[in-house]
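The values are calculated or read from the model by the stated rules, or taken from the named source; none is laboratory data. No experiment lies behind these values; they were computed from the predicted model shown. Please note: Cβ atoms are built from the backbone with ideal geometry, for glycine as well, and neighbour counts cover all protein chains shown. The accessibility values were calculated without ligands, DNA or RNA, using every heavy atom of the protein model including side chains. Shrake-Rupley method; radii C 1.70, N 1.55, O 1.52, S 1.80 Å.
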Amino acid sequence: MRIAVIPGDGIGKEVTAEAVKVLEAVNRLSSKPLDLERLPWGADYYLETGVTMPPDGYDLLRGFDAIFIGALGDPRVPDNRHARDILLGTRFELDLYVNYRPVTLLHERLCPLKGRRPEDVHFVVFRENTEGLYVGVGGRFKAGTEDEVAIQEEINTWKGVHRIIRHAFEFAKARDLTKVCMADKSNAMQQGHALWQRVFNEVAPLYPEIEATHYYIDALAMYMVLDPGQFQVIVTNNLFGDIITDLGASLQGGLGLAASGNLHPGRTSMFEPVHGSAPRFAGKNVANPIGAISSAALMLDTLGLVDESRAVDAAVRAAINAGECTADAGGTLGTREAGEAIVSRLRF
């Protein structure tokens, strides 16, 4: 399988390097080889060439089985146009409509909530990834004056809402899960979110074995803190999903541990840790590589390499249990040493 690797900027390069070490170890131990091909796109490439990505870049990416990408963002590019073209552009051009965020507590010491165990924080969030408020529809009138008017439009289509909600139920069904919760703000946003209500109420009866519930997004955020154990699958729109998945990451121990995938089932998908590029920490060997490594495991699972994915997850959990991790997860290791601790625990 061909995997495109885009290292990213800042600490993105460092944690991507550790994830690549894990994938290379999987290559040595598994009978299903991965062909990892590095693409140079990022801030350095843009500053050297003036090109964010080549004109045929999206078509090139479609030729891979998956894309693995590090965090993007560099203060030398104030408008981050390279990150917009590479990351957001790929999401839209490849129609990666599923943002997949597992929320998995690896050890109870990592959870900020008192007395919570791994079985209490174990759910997934599916965020619609190509519509909503992030489509860039809107504008500013009389910008920079006291009469400035700014308009940002939210776009919801039946197709977009239907396919993300169906994906959430299909995911639950395939894994014998019994709960799907949809979150919106239809009590205040009565047009666009009425569509979410209609589609959810049409789709849910097709899965009678799954309990379908609904919360307004503010109530959902509250219940994620009060009782995260009630959730198995959550599905919501682009903006709300962006917010609550960072809350979910906090429940599992922080953004440095959080993995994600941007999927179009059956097509090329993209996987990334969700923390930023953190330029002030770059080159200091302090960044947590677990988010990147767990994103690699998510990629393996999505590609059908289930045993390999489970082996990586088991190695991550073993390293956490042993305290062989970076300071944010309770350890004393650097980025490289934490990655090596995980590689050393890989077993098939």
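Largest GNM mean-square fluctuation across ASP56, ASP120, ASP95, computed for the chain with C-alpha springs under 10 Å, falls on ASP56. How much of PHE141 can a 1.4 Å solvent probe reach, expressed as accessible area in Å² and rounded to 10? Near enough 130 Å² of accessible area. Shape class for segment 48-138: prolate, because the ratio a/c of the largest to smallest gyration tensor axis (alpha-carbon atoms, square roots of eigenvalues) is 1.5 or more and a/b beats b/c. Among LEU60, LEU110, LEU195, the residue with the largest mean-square fluctuation in a Gaussian network model of the chain, with springs joining Cα atoms closer than 10 Å, is LEU60.
The alpha-carbon of LYS173 sits under 25 angstrom from the alpha-carbons of these lysines, leaving out residues fewer than 8 places away in its chain: LYS159.
Of the residues ALA338, PHE171, LEU94, the one whose Cα sits farthest towards the positive end of the charge dipole of the chain is ALA338 (charges of +1 on Lys and Arg Cβ, -1 on Asp and Glu Cβ, taken about the Cα centre). Straight-line reach from LYS32: taking Cα to Cα under 18 Å and skipping same-chain neighbours fewer than 8 places apart, the lysines in range are LYS21. A simple rule links phi to the HN-Hα coupling: the Karplus curve 6.51 cos²θ - 1.76 cosθ + 1.60 with θ = phi - 60°, which for segment 36-42 gives 8, 10, 7, 10, x, 4, x Hz, with x for Gly and Pro.
Its DSSP H runs of at least 4 residues, each contributing -39,500 (n - 2.57), put the calculated 222 nm mean residue ellipticity of the chain at -11500 deg cm²/dmol, to the nearest 500.
Surface composition of segment 238-348: carbon and sulfur atoms hold 51% of the protein heavy-atom accessible area at a 1.4 Å probe.
The DSSP beta bridges internal to segment 89-231 are antiparallel in roughly 65% of cases.
Taking all protein chains together and a 1.4 Å probe, the residues HIS82, HIS107, HIS275 rank HIS107, HIS275, HIS82 from largest to smallest accessible area. For segment 126-138, 3J(HN,Hα) computed residue by residue from phi via the Karplus equation (6.51, -1.76, 1.60; θ = phi - 60°) reads 10, 10, 4, 10, 10, 10, x, 7, 9, 7, x, 8, x Hz, glycine and proline entered as x. Here's how it looks for ARG116: its modeled amide H is under 5 Å from none belonging to a residue 5 or more places away or on a different chain. Taking TYR134, TYR207 and ordering them by how much accessible surface each has at a 1.4 Å probe, largest first, produces TYR134, TYR207. Bridge orientation summary for segment 1-129: considering DSSP beta bridges with both residues in this region, about 45 percent are antiparallel.
Here the accessible area of segment 1-78 is 53 percent carbon and sulfur, with a 1.4 angstrom probe and all protein chains present. Ordering GLY160, ALA83, GLY229 by the projection of their Cα atoms onto the charge dipole of the chain, which places +1 on the Cβ of Lys and Arg and -1 on the Cβ of Asp and Glu, puts GLY229 at the extreme positive end. Ignoring lysines fewer than eight residues from LYS114 along the same chain, the ones with Cα atoms less than 28 angstrom from its Cα are LYS179. Per residue, the chain exposes 44 Å² of accessible surface when a 1.4 Å probe is rolled over the protein heavy atoms with every protein chain present.
Charged side chains reduced to their Cβ positions (Lys and Arg at +1, Asp and Glu at -1) give segment 257-348 a dipole of some 120 debye around its Cα centre. According to the square roots a ≥ b ≥ c of the eigenvalues of the Cα gyration tensor, what is the shape class of segment 1-82, taking rounded for a/c under 1.5, prolate for a/b larger than b/c otherwise, and oblate for the remainder? Oblate, because a/c is 1.5 or more while a/b does not exceed b/c.
Annotation: the antiparallel percentage among DSSP beta bridges lying fully within the chain is about 45. Amide H contacts of GLU211: LYS179, VAL180, each under 5 Å away and 5 or more positions distant or on a separate chain (H built 1.01 Å from N in the peptide plane; Pro and chain starts excluded).
Of ARG310, ARG175, ARG198, the residue with the greatest mean-square motion in the GNM of the chain, using alpha carbon springs below 10 Å, is ARG175. Simple point charges give the picture: +1 on the Cβ of Lys and Arg, -1 on the Cβ of Asp and Glu, and for segment 43-162 a dipole about the Cα centre of about 540 debye. Largest to smallest in accessible area, the residues ARG347, ARG91, ARG62, ARG166 fall in the order ARG347, ARG62, ARG166, ARG91 (1.4 Å probe, all protein chains included).
The dipole here belongs to segment 307-348: it is taken about the Cα centre, uses +1 on the Cβ of Lys and Arg and -1 on the Cβ of Asp and Glu, and is about 100 debye. Rolled with a 1.4 Å probe across the full set of protein chains, the surface gives CYS111 an accessible area near 10 Å².
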